[in-house]
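Below is one structure; the comments refer to it alone.
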């Protein structure tokens, strides 16, 4: 009986070694928390506007991020130019 138990223990140890060797974490990237300052918050928008936005991004073959960056850049450039004209 003790021989059977010893044999089972050895098999269990060997199986654990196999699992440890198969689960490799060598290629895992370090988790980095998103910097809230650089990200716009999630928001609810008019469904039709969202669809038009996505269609425009697809039409220009841009990502949604690229399109939003361009829209915001244009908007704030216009604001800055209009403020300069008032001076």
Starting from the Cα of residue 35, step 7 Å toward the Cβ, then list every residue of the range 47-74 with an amide N under 20 Å from that point.
-> 65-66, 68-70, 72-73
Just subtract the alpha-carbon distance of residue 8 and residue 54 from 0.36 nm times their residue separation and send over the number in nm, one decimal.
-> 10.6 nm
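A short reminder: the numbers here are calculations on the coordinates, not readings from a lab. What you see is a predicted model, and the numbers here were worked out from it, not measured in a lab. Don't worry about glycine lacking a Cβ; one is built from the backbone with ideal geometry, like all the others, and counts go over all protein chains shown.
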